[in-house]
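Derivation of every value follows stated rules applied to the coordinates shown; laboratory data play no part. What you see is a predicted model, and the numbers here were worked out from it, not measured in a lab. All Cβ positions, glycine included, derive from the backbone under ideal geometry; neighbour counts span all protein chains shown.
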Amino acid sequence: MPATQQSMQDDQEKLLDEAVQAVKVQSFQMKRCLDKNKLMDALKHASNTLGELRTSMLSPKSYYELYMAISDELHYLEIYLTDEFAKGRKVADLYELVQYAGNIIPRLYLLITVGVVYVKSFSQSRRDILKDLVEMCRGVQHPLRGLFLRNYLLQCTRNVLPDDGEVTEEGTTGDINDSVDFVLLNFAEMNKLWVRMQHQGHSRDREKREKERQELRILVGTNLVRLSQLEGVNVDKYTQVVLPGILDQAVNCRDSLAQEYLMECIIQVFPDEFHLQTLNSFLRACAELHQNVNVKNIIIALIDRLALFAHREDGPGIPADIKLFDVFSQQVASVIQSRQEMPSEDVVSLQVSLINLAMKCYPDRIDYVDKVLETTLEIFNKMNLEHMATSSAVSKELMRLLKIPVDIYNNILTVLQLQHFHPLFEYFDYESRKIMSSYMLGNTLDNNTVIKAQEQVDAVLKLVSTLIQDQPDQPSEDPDPEDFAEEQNLVGRFIHMLHSEDPDQQYMILNTARKHFGAGGNQRIRFTLPPLVFAAYQLAFRYKESSSVDEKWEKKCQKIFSFAHQTISALIKAELAELPLRLFLQGALAAGEIGFENHETVAYEFMSQAFSLYEDEISDSKAQLSAITLIIGTFERSKCFSEENHEPLRTQCALAASKLLKKADQCRAVGTCAQLFWSGRSSDKNGEEIQDEKRVMECLKKALKIANQCMDSSLQVQLFIEILNRYIYFHEKQNEAVTVQVLNQLIQKVQDDLPNLEACEEAELIKKHFHNTLEHLRVRKESSEADGAAYDGLLL
Amino acid sequence: MSFFGFGQSAEIDIVLNDAETKKKVEHKTEDGKKDKYFLFYDGETVSGKVNVTLKNPGKRFEHQGIKIEFIGQIELYYDRGNHHEFVSLVKDLARPGELTQSQTFDFEFTHVEKPYESYTGQNVKLRYFLRATISRRLNDITKEMDIVVHTLSTYPELNSSIKMEVGIEDCLHIEFEYNKSKYHLKDVIVGKIYFLLVRIKIKHMEIDIIKRETTGTGPNVYHENDTIAKYEIMDGAPVRGESIPIGSSWLAMRMTPTMRDINKKFSVRYYLNLVLIDEEGEALLQTAEITLWRKGDIVRKSMSHQAAIASQRFEGSATAEKALAQAQGGQQLSPSAQSTSSLGKRTLCLCVCW
């Protein structure tokens, strides 16, 4: 096939080349004759030149090139004749003379050329000559040749068409109506020829012909451009004459290619003000177009254009008397009605542009947007669609449709006001609902949209339930863990947007959210419940702040903590341990700090819950160490416990620390416990630190003992250094039991052991640690010399 | 005798009185060349002078009389011997006698009837000439001078349009209309062609102008057809409902007025042939006779005339559109108006209304 195509192309080039050569020769002769003032001979050569355009062999592209070459030459003739007329030379009966040409193609080209010269020179004849020319061109019924001939007519007459506001000589005939008639007639004839092209030749070449027709369409469209350039074509003329003329032609030609192009052309060529006045007739015509025409694109193009116009800053906007939205809404409905075969995605994309229109032109009319959604919903109901697949075109369009209000309002609360948003949403399949839900939550977060009311929370969470709870239509396999985490993190972040200024309302919000999230299943709640618990703690703090105005604040706090307790328990049920443990500890801290009536009991409960989790659920040694460290840390910070509660808790901590499996872990945990006996606070002593020197020393000694049992020498040294650091800490805190001797002993021991370490990266780190520790001591010693002998005898 | 330098001889010269101002027109001669001749009209007086110039002044010149004739005659080429004179007027300028010096004689044929137009055709020639003759005993001296006569007509009183319908059953049905049946020589033919039914692929359409010269009578009739011009009026295939305008001023070329049965010797008639050529190259044609006449004074056409021509075309179109509307309204041709004639391979339905 490519070979024949190539040869066809070669043929075309050859034919074109020959024709162009002939044109050159003949037009050269023509110019010579003109130079010698031999007009009749010149016309003969001009006619010969034009004879080349009679060919049927050239493709539209080649024919176009030939046409361009020839029209240049004719231009020369036109200028010559115009000059001759201007000089006053009477060239008698020229208009008739050129008609002697026997062949119609050369004859009509010459007739047009001379005709235009006549119009310029004798403006009294303008009206009749224009009429004659456009009428005579009917003689060429061959589509390609006719199109170019009429294009030539249009080109030549572009400066002589009567128009409003032109400066004319006396006696000039013709007015804007003649121009409109002229161009409309030319347009109609060209369109007919253009449409007829498709019926020529073999049906197997149909595709090629369509391509050729696409190449030629601009010739037809130029007529519309010309109409739009006429000053005299104002809104009235456009409404009454021009548009009906064009539409009549467009509708009646019953050719989808032509219809699509012409409608598009009308939209692009004429100004927005005109479109506004003719919406109904234009859209009505759309409904009458061929079934194959993509009406959607046409209407969308118009809507987009008008929406842009309404939006333009320097423009006058949409006149108040034009109910733009109502008109479009009605007409779009009737278009959809008239086209039963229209694919549902096209129906939706029409709604997309309608909604765009509503958004851009009437930003405050939420009801318009809702109306579009309602219409779409009705259509879907009629179609009996169910859960459309994400990959389907209609689903993509629907997503576009629903994203628009989200994007434009940038406020999910406004979106919630759309009654028909949610029902439409339900037409998506699981995947799409998820994508769309994430999109909406993302939007809420990006815009910091705060959701202030319980009902709103309820509505939003119902809307995005795909992210919150398991769905009947979700796929059986588990989602990609990373994606899932990302999605649920988003939900977690979203929870912080649920915020009411009114604490009571906030409580309701949290309860509602809890209900939704609670049903999310084990996988989800680990992401969703913690933020909820934190929000609850936060709320409790807010109640405390408002304690002066709210008498019942303590009761409410109690309620919140039991809410938190419940929520955390849900996590435990989901076989989670570390997370609830941390949440309990956080709760204990919060309760302690808020200090409402009964807070100690609550804090104790939370601490003990943490302990039992630690004991029952955490088995991994590393996790145990970090858990006990956390517990110890939390407990150390709490000052709400009376000695009665404090004592068992701290003993429990020490016990737990010494029961750890690994020696190193034991050593460290016990070392940490020492802190409890120093800075731990019970309510009995008015919140003062216990500072039990003896118990601290016991802990540290026990840590040393455990470190001694450690077999790994580098680990051992490391532990020694860590313990040394603890000693130094307590020494600085003026724990009398920690003497310089004790420090010296330990330093000595480390110094003895250090050289035995194998040289490795780890050893380097250990040495560095030790070195830094000594450096710290040196600095302390030097700076403290002035104020005491605390460091006397320290051997460095 | 004059060869030897003795004896007297004379030359004759015919000079028209208003030769300086008299209009001359081109006219084709028998050998196909064009020459300019003085132009006369019917009833116009032909007057002038005959100059007789003696070769040897002073010598006597004897003659049997001098006369001038005005002759209008028809020559049929196949019968060269017989000239049919339809006008023959004689004026004697001098009685037999002697001339001693060159002399000029005035002559005048008042209001000469010149009923026919000068014509040079394929087989026949109609000419007018003046002939001066000096009768001598041995050989007469003659001199002829051709003039050209144009016959003028007044506007025809009745000049209806020509409308015809033509077609091939179930294939093609067209209707065409020429705005007049009688055209003057500088006239414009304006018309329209309507395609009421098109089921064949037409390539183009032309109008041929045919001149038909008929000479002789009875069994010896000769027809000579001459296509004067071919005029393409349509390129490409129209579809049903299309109308194609005809509008052209091509009549001036090589054409004479229609001559019917001139002196029972010959006729010259003109026809318009509408020729349709389809993709297989087959032609379909329909003929209509038109009458040509010569209009009186030929005024330079002004631009308003051009405009008038242009606008005429539209008036024509209005009536034709009506016709189309009727035809589309299910009106078939009435059977009585149809007469079939065999033409080429195809049968044409023909309906002529004058």
Using the charge dipole of chain A (Lys, Arg: +1 at Cβ; Asp, Glu: -1 at Cβ; taken about the Cα centre), state which of A:Gly165, A:Leu43, A:Gly317 has its Cα farthest towards the positive end. A:Leu43
Please report how far the C-alpha centroid of the stretch A:251-268 lies from that of the stretch B:44-95, rounded to the nearest whole angstrom. 80 Å
For the stretch B:155-209, fraction of C-alpha pairs farther apart than 18 Å, in %: 42 percent
Just want to confirm a number: the relative contact order over the stretch A:575-649, from Cα pairs under 8 angstrom separated by 6+ residues, in percent. 40 percent
Farthest toward positive dipole pole in the stretch B:166-236 [+1 Lys/Arg, -1 Asp/Glu at C-beta], among B:Ala229, B:Gly218, B:Ser181: B:Ser181
Need one value for A:113-125: mean number of C-beta atoms belonging to other chains within 10 Å of its residues' C-beta atoms. 2
Using alpha-carbon positions, what is the distance between the centroids of the stretch A:648-682 and the stretch A:134-211, in Å? 99 Å
What distance in nm lies between label points placed 7 Å from Cα along the C-beta direction at A:Val167 and A:Gln229? 2.0 nm
For A:Thr172, A:Thr278, B:Thr154, order by how many other beta-carbon atoms lie within 10 Å, fewest first: B:Thr154, A:Thr172, A:Thr278
Could you put B:Met259, A:Met508 in order, starting from the residue whose Cβ has the fewest other Cβ atoms within 10 Å? A:Met508, B:Met259
Net charge around A:Arg217, counting only other residues with Cβ within less than 12 Å of its Cβ (Lys, Arg = +1; Asp, Glu = -1)? -4
Under unit Cβ charges (Lys, Arg +1; Asp, Glu -1), what dipole magnitude, rounded to 20 debye, does the stretch A:429-602 have relative to its Cα centre? 540 debye
Net charge near A:Val533: determine it from the other residues with C-beta under 13 Å of the C-beta of A:Val533, scoring Lys and Arg +1 and Asp and Glu -1. +3
Per DSSP H run of n ≥ 4, the term is -39500 (n - 2.57); total these for chain A, divide by its residue number, and report the mean residue ellipticity at 222 nm rounded to 500 deg cm²/dmol. -23500 deg cm²/dmol
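Please report, in debye to the nearest 20, how large the charge dipole of the stretch A:602-733 is about its Cα centre when each Lys and Arg carries +1 at its beta carbon and each Asp and Glu carries -1 there.
480 debye
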Neighbours of A:Leu579 by Cβ distance under 11 Å: Lys/Arg at +1, Asp/Glu at -1, summed charge -1
Which listed residue (A:Phe148, A:Ile572, A:Tyr80) has the Cα farthest towards the positive end of the charge dipole for the protein assembly as shown, taking +1 on Lys and Arg C-beta and -1 on Asp and Glu C-beta about the Cα centre? A:Tyr80
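Of A:Lys434/A:Lys515; A:Lys622/A:Lys767; A:Lys208/A:Lys382, which pairs sit farther than 28 Å apart, going by alpha carbon to alpha carbon?
Numbers: A:Lys434/A:Lys515 20 Å; A:Lys622/A:Lys767 25 Å; A:Lys208/A:Lys382 40 Å.
Beyond 28 Å between Cα atoms: A:Lys208/A:Lys382.
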The size of the Cβ-based charge dipole (Lys, Arg +1; Asp, Glu -1) of the protein assembly as shown about the Cα centre, to the nearest 20 debye, is 5280 debye
May I ask for the distance between the Cα centers of the stretch A:479-494 and the stretch A:558-629, given as a whole number of Å? 25 Å
Segment A:Glu597-A:Glu455, extension gain: residue separation times 0.36 nm, minus the distance between their alpha carbons: 48.0 nm
Roughly how crowded by other chains is peptide A:705-713, in terms of the mean Cβ count from those chains within 10 Å of each of its Cβ atoms? 0
Computed E for B:Tyr77/B:Asp170 - FRET, C-beta separation, R0 45 angstrom, nearest 0.05: 0.40
Per-peptide average of other Cβ atoms within 10 Å, ordering A:312-324, B:101-113, B:140-152 highest first: B:140-152, B:101-113, A:312-324
